[in-house]
Amino acid sequence: MKLVFIGLGNMGLPMARNLVKAGYEVYGINRSRGREAVFAESGGKVGLSLKELAMQADVIMTCLPMPSDVEQIYLGTEGIVANGRNGLTLIDFSTVSPDLCVKISSAAEQAGMDFLDAPVSGGTVGAEQATLSIMVGGSRQVYERALPVMEKVGKNIYHVGEVGNGTVVKLLNQLMVGIHTQAASEAMTLADKMNLPKDMLHRILSNSFAQSRIYDRHYTQFVEKGEFQAGFALNLLHKDLVLVKKMADDIGAALPIGTHVEQLIDTAKVKGFGEKDMSGMYLYMSEINGQRQVTK
Ligand code: NAD
């Protein structure tokens, strides 16, 4: 079976590597060529164009940053739907809007291709260890056919109904990721102000109701080390919260805290924190509190 993986970034590269490790023939495509070279070092195949691959592949997967990237790769004149062969299976692991998933799926169907929206959660560690949660929307039959491939990159895989539904679940996840990020950042910066050691705070709250996976991730992988190189960039979290807001607005649902967190992250982006990991909200909150942190 010939697989193609487009978008060899923080998530895509380890996911594509796991498919190679599982024994598949995997072709990688990335906008910046350096990532393709890294993939080739792990046994991935590179060097063929999207047009060439779209005529040969059995399954094409994508893990791209922004909805505009996803739309262009699937629906652009040089993209998959216009140039792919009949019978292709398409799986998008990116986080976009449910509407875009439906739009791609309809175009794919008309071209004789099957599409699944399959956004993931679990971060770069989950991508490396192939333990991602995957929330899949699309026909049950296509889901079952694609399951053996998805099982090589994820552990908890859920079929949640028609196309776009996987993305609805993922966006609800991201709403909570955003709010928990802000909650943890505020608690940690307030602890700093009160001269309370953050390792002690983390130890105690890990056994208390304030415990959260996001707090644990942000503290142990980033804040404690003073390192904020993006596993998941604040820019991407902001993109997700804008998507959540649009989804809520479309059905007239209130989102008081989510909206506020979206605006806070937007300001942090303007202040230059967008490329940092999402745990960089701690740095931004520290700056607001007049406690600039030393980072590596
Ligand atoms: P990233 O920016 O690290 O990687 C994206 C890669 O796609 C980059 O290497 C970029 O060069 C490439 N790319 C962009 N446009 C392209 C194009 N047109 N053609 C080919 N390659 C292109 O992003 P990421 O963190 O891997 O996230 C990817 C997606 O997965 C996003 O939608 C994000 O929201 C989602 N996601 C990320 C995480 C995480 O922890 N990083 C977790 C869950 C979901």
Checklist entry - Taking every eigenvalue of the Cα gyration tensor of the chain, multiplying by 5 and rooting it, what semi-axes result, largest first, whole Å? => result 35, 21, 17
Checklist outcome for this item: Residue by residue through region 99-113, the couplings from Karplus 6.51 cos²θ - 1.76 cosθ + 1.60 with θ = phi - 60°, in Hz, x for Gly and Pro, are 4, 5, 4, 5, 4, 5, 4, 5, 5, 5, 4, 5, 8, x, 10
Checklist outcome for this item: Contour minus Cα-Cα span, L147 to D99, at 0.36 nm per residue, comes to 14.9 nm
Checklist entry - Could you give the nm distance between label points at K198 and V242, where each point is 7 Å from its Cα heading toward the beta carbon? => result 2.8
Item to check | Projected label distance in nm at Y158 and R140, using a 7 Å step from Cα toward the beta-carbon | outcome: 1.8
Item to check | Estimated inter-spin distance, S106 and R31, nm [label 7 Å along Cα→Cβ] | outcome: 2.7
Next on the checklist: Let's test the formula: R0 of 45 Å, r as the Cβ-Cβ distance of T295 and S49. What FRET efficiency results, to the nearest 0.05?
Outcome noted: 0.65
Next on the checklist: How large a share of the accessible area of region 29-150, in percent, is made up of carbon and sulfur atoms when the probe is 1.4 Å and the other protein chains stay in place?
Outcome noted: 50
Checklist entry - Between D216, D92, D240, which gets the highest mean-square fluctuation from a Gaussian network model of the chain, Cα cutoff 10 Å? => result D216
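Starting from the Cα gyration tensor of region 167-288, take the square roots of the eigenvalues, sort them a ≥ b ≥ c, and report rounded, prolate or oblate (rounded when a/c is under 1.5, otherwise prolate if a/b is larger than b/c, else oblate).
In terms of gyration-tensor shape, prolate.
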Checklist entry - Using modelled amide H (1.01 Å from N, peptide plane; none on Pro or chain starts), what sits under 5 Å from the amide H of K2, excluding residues fewer than 5 places away? => result D58, V59
Checklist outcome for this item: Of the accessible area of region 167-288, computed with a 1.4 Å probe and all protein chains kept, carbon and sulfur make up a percent value of 59
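Can you tell me the length gained on complete extension of the stretch K271 to A253, counting 0.36 nm per residue apart and subtracting the Cα distance?
Full extension of this stretch gives 3.5 nm more.
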Next on the checklist: To test your reading of the geometry: what angle, between 0 and 90 degrees and rounded to tens, separates the Cα axis of helix 234-250 from the longest principal axis of the chain?
Outcome noted: 80
Checklist outcome for this item: Contour minus Cα-Cα span, I288 to R85, at 0.36 nm per residue, comes to 67.7 nm
Checklist entry - Ordering D117, D249 from largest to smallest accessible area (1.4 angstrom probe), what's the sequence? => result D249, D117
Checklist outcome for this item: Of H202, H159, ordered by accessible area with the largest first and a 1.4 Å probe, the sequence is H159, H202
Checklist entry - How many Å² of accessible area per residue for the chain, probe 1.4 Å? => result 47
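Considering only the chain, what is the antiparallel percent among its DSSP beta bridges, to the nearest 5? If you can, show how the numbers build up before the last one.
On the way: 5 of 28 bridges.
If I count the DSSP bridges inside the chain, around 20 percent turn out antiparallel.
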Checklist outcome for this item: Checked region 2-161 against the a/c 1.5 cut and the a/b vs b/c comparison, axes a ≥ b ≥ c from its Cα gyration tensor; verdict rounded
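Please sort by residue number the GluC sites (Glu not before Pro) in region 1-105 whose DSSP state is loop and whose Cβ has at most 13 other Cβ atoms within 10 Å.
On the way: sites: E25, E36, E41, E52, E71, E78; in loops: E78.
When the GluC sites (Glu not before Pro) of region 1-105 are filtered for loop state and at most 13 Cβ neighbours within 10 Å, E78 remain.
Kindly flag which residue pairs out of K45/K152; K239/K269; K155/K276; K170/K276; K245/K271 have an alpha-carbon separation exceeding 20 Å in this structure.
From K45/K152; K239/K269; K155/K276; K170/K276; K245/K271, over 20 Å: K155/K276; K170/K276; K245/K271.
Run lengths n ≥ 4 of DSSP H only: what is the helix-derived mean residue ellipticity at 222 nm for the chain, with -39500 (n - 2.57) per run over all residues, to the nearest 500?
For the chain, the value works out to -15500 deg cm²/dmol.
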Item to check | Integer Hz, Karplus 6.51/-1.76/1.60 couplings in order for region 219-231, x for Gly and Pro | outcome: 6, 6, 8, 10, 4, 4, 8, x, 10, 10, 5, 5, x
Next on the checklist: Please list 3J(HN,Hα) in residue order for region 193-210, calculated via the Karplus relation 6.51 cos²θ - 1.76 cosθ + 1.60 where θ = phi - 60°; whole Hz, with x for glycine and proline.
Outcome noted: 4, 8, 6, 9, x, 6, 5, 5, 4, 5, 4, 6, 5, 5, 10, 10, 5, 6
Checklist entry - Using the beta-carbon distance between E41 and E224 and R0 = 25 Å, what value does 1/(1 + (r/R0)^6) give for FRET efficiency, to the nearest 0.05? => result 0.25
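The values are calculated or read from the model by the stated rules, or taken from the named source; none is laboratory data. Keep in mind that what you see is a predicted model, and the values were worked out from it rather than measured. All Cβ positions, even for glycine, are placed from backbone atoms using ideal geometry, and neighbour counts span all protein chains on display. Just the protein is used for accessible areas: all its heavy atoms, side chains included, with ligands, DNA and RNA removed. Shrake-Rupley method; radii C 1.70, N 1.55, O 1.52, S 1.80 Å.
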